[in-house]
Every structure is written in structure tokens, then in C-alpha cells.
1. Set the Förster distance to 56 Å, then compute FRET efficiency between residue 498 and residue 5 from the Cβ-Cβ distance, nearest 0.05.
2. Could you list the residues of segment 172-214 with an amide nitrogen less than 15 Å from a label point located 7 Å from the Cα of residue 163 in the Cα-to-C-beta direction?
3. Can you tell me, using C-alpha contacts under 8 Å and at least 6 residues apart, the relative contact order of the chain as a whole percent?
4. How much length is gained if the chain between residue 404 and residue 249 is pulled fully straight, taking 0.36 nm per residue apart and subtracting their Cα-Cα distance, in nm to one decimal?
5. What distance in nm lies between label points placed 7 Å from Cα along the C-beta direction at residue 208 and residue 380?
6. For the pair residue 298/residue 346, report the inter-label distance in nm, with labels modelled 7 Å from Cα in the Cβ direction.
7. Roughly how tilted is helix 85-111, in degrees to the nearest 10 and between 0 and 90, from the longest Cα axis of the chain?
8. Between residue 81 and residue 272, what FRET efficiency follows from the Cβ-Cβ distance if R0 is 41 Å, with the result rounded to 0.05?
């Protein structure tokens, strides 16, 4: 009961800013619009949701083909349950906090005991970098990925110790959650989690478990295949490469060691050099705990040098320490030579994103340091002091200011997403839409209506276009045309769009100058349909990989478990 009470304190300490009637400004304030677009996609029957109908200045763009479907799927579920769009955003924040706290508690408890779980939950949930993501940057997808980190290690450790198949299922689902929340976090964390699994399996003398763990790592990637393959293989069909140049190039965002100790909190942005307007401080509890842990580690190494490999706390703490330093190194300018050589790292954009796994490993080190002290008064006093110091970080878990009118930034209105929010989030606009014009011109050049027959001859012959179905990712119109003409949809062309004329499939084309989708319509009465779906190799293979991985997961987990139970019953 005491642990539950302390976890509730941690929850409110990290989330108290959300228990108000208003909302606040963050760098990325597109959450409500993304939730609204995910909701519209689900309502229209699009699954998986890939296409946003209103972003891209009303021409649409494949937003969820590339970006974090899981957080906004959860937000959309809240919205579909009847919550307002602003309340749905808040509930998403609270969900992330709850997942983080419970996962960290379970991991700490599995490592060392119940109070270790509470302390790990406090240190990790209240890590300043999480506050930076939540209340400064508004990086909810990254924060949700961080929430799954402790779940991964808890399930791996539980399986190694107990060999129960259910923990492999939890491992797979947690890893999949990281991928679907923030694929860049998966890129950083997966290798570290694999190394830590190797360390744990070696220490417990159960290296044979690594085969099963590795298989479920692969299954997690397979489960997310419907998202991973298109996101990787179709990115060049958008203007996404633009965000990896200029200000967003990684070379402008390396850190300096002194920034880790600067407690000055800011709400600005990242910049070249050591004078960023945001903070990368780890917190007094983290640094104080790390100092104590380092001293205790050295003492224990000296005292137990003959039995060094038998000390579980020592092995885990040293392993976490190595991964902590590894993460920190990739945030520093001294690591640029690696970034320059490994091209995939450029997609991370901000080297300081490695502070996400660094915060996690640091929390594990600090908790381990406490349990290097013999049980008794001193361990209890130090643990209580660190818990209290971690609560000091609640001062970071608040916004700079609340908005007088939250609806100014957080709204679900389709027209406002088209005209206002599209300029905030242009990253995934199909490249044809920006081939010859600026993004601003795109919103002004094409007709206001979502489709328009632009043939002057057709207009003179009184052609008519009647909208029959408009579900965002599928549209059907009835066209009466005196002669062959071009039907011009206010839809951005992107691989995966298909067209039908009177039930006969045809290939849509796009305007070479503006990039919007066009269909050649014959003379007479016609029904013209366009629909966006799983029609590209990346999506077809991605979907098949996800389905196959799901069947494998169900078979390996439920089929194997059932066989074991049958054998046990027969023996009895």
C-alpha cells in the first residue's frame, strides 16, 4: 500500500500541470490535429491509417505512413469515446506517464525489490529530459517510446530468470510499442537492449535464452512491418529530406559536457554551441546518486574482487554504466566522426536525443548504487534522500505559460488544419506537390473545392460533377461530360492511389506542375472513383510481414504454452 501511495505521488508530480482547465504552448503543438486526422481515418474505415486528408493544405499527405501511429491511435480512441480534442491530448499525456511509472516500478522491483521499484519510477519518470519532451518540445511520440524502455528490460530479465513464455510476449509487444511510437528511439535503444540482454543471460548462466529473445526482437520488427517498410522505402516520395538539412542537420546540435550540469531551465530551442535555450540537465538526484553509486561501485569492486562476477548488483550497475557513457558519447561533438560515417544516424537529427536512453540507464545505475549498501539504516536514509531529491524535478514538469485560448493551437476543425496547421507540419508532403511551386502557392493556386474540372471546353458544354462519396482516402463522383476531359482532384498524388471509371481500373496521373491527382474521363455519364490503399510493394510486403509475424507470435506463445500444459497434465 505504501508503494502504491508513493507511485501516485510520482504520477501527480510528473503530471500536475495537466489538471487544469487549459492547455499550454509547446514547440510541436500539432497533437490535436494529428489525433483528429487519425480519428477521421478510423471513422472512414482506413486501416492501417496512412493518409491524412487535410494536412498538405487540403490536398492530403501520407502522415501516418511515416510518423508515430501508436500515440495518435491511442489519442483517437479517447476522442472516439467522446472526449474533447483537448481532453484527448491531456489523456494521452497521462497515459504516457502511467505506462512509464508502472514499467519502471516493475523493473526496479524485479531487480532489487519493491522500494527499488518506487525509486526507479521516481528517478526515471521525473528525469528532466522527460520534462523537456513533454512540456517544452511537446515530443509525445518520443516520450511514449521512452515509456516502453523499462518494460523491455523487465520482461527480458523476467524471462531469463523464470523462463516463462509470457515474458517473451511482453518483450515483443514492448519493442513493437517503441517502433510504432518513435522509430528513431528504436534505432537508438534496440542495440543497447540487446547488449543488456546478453549481459543478463551471461550473468545468470542462461545464454541459451538468447535465441528466444533474439527471435522475439525480430518478431517485434515484423509486427511493425506494416509501418517500418513503407516508412523506410517510400520516404523519398516526400519532401522529408529537407528536414535533415540546414538548422535540422545533426552537426548543429551536439552538446558539451558542461551542459549536463547546467540547471538553468529554458523553453527556447536547440542551437549550435553550448548556449542552447533549453536545458539538458540530468537533475540533482541523478548526479548525487551517480556520485554515490560510483564511490560504492569502486569500494565493492575492491572488496569483492575475488568474487566480482558473482555480485549481481555490481554486474548490472557496471553494464548500465557502460551504456550510459555510450549514450552520452553520442551526444557530444567528439562523436561527430561516427555520425559522419554512419549515414542512418542523420535521421536522428538531434544528437541529444541519446539523452533518452542515457536517462534510463542513469536511473538504473543510481538505484543499483543504493543496493550496494548493506541492508539497514544507511541504505534507507540514502534511498529516502534520493527519492526526495527526485521530487525536486517536478518544477521542470510544467509549461512556460498556459494559453488563454487553447483552441487557438489545439483544434480538430478540418478547414483550420488545411489553412493553418499545414504550414506547421509540411514534412511529409509528396514531392510532386512542391516540384514547381512553394508550399504557400500550393494553397492559393488550385481551386478551393476539393475537385474541379479545369477544361474550358467542358465548362462551356455544361459538364457536371456530383460528389457521391468523400471518405478522405476514397472518393466517388458522378461526371457528365460532353467530350473527353480531365477530372482534377484536389488530392496530392502519392504512390498507392488507384482510380476506377465505371468499375474499370485505370491509372491516375498527376499534374506535372502542381502534383495533384488527375483522371482522364471519357465523354458521357461516368462514375469516377479514386482510393488510397495498400497497393505498393513496400505496403504489400509490410502488411504480409506483420500478418505472418502475428501468426508466429500467436503460435509460439499460445501454441507452445498449450503444448507444455498438455504434457504436464499427461505426466501428472
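1. 0.50
2. Correct set: 201-202, 204-213.
3. It comes to 20 percent, rounded to a whole number.
4. So the chain would gain 52.3 nm between residue 404 and residue 249.
5. The two pseudo-label positions are separated by 4.3 nm.
6. Label-label distance for residue 298 and residue 346, simple model: 4.3 nm.
7. 30
8. On the way: r = 45 Å, r/R0 = 1.09.
Here the calculated transfer efficiency is 0.40.
Read-outs throughout are calculated quantities, based only on the coordinates presented, and are distinct from any laboratory measurement. Source: prediction; values computed, not measured. Here Cβ is always computed from backbone atoms with ideal geometry, including for glycine, and neighbour counts include all displayed protein chains.
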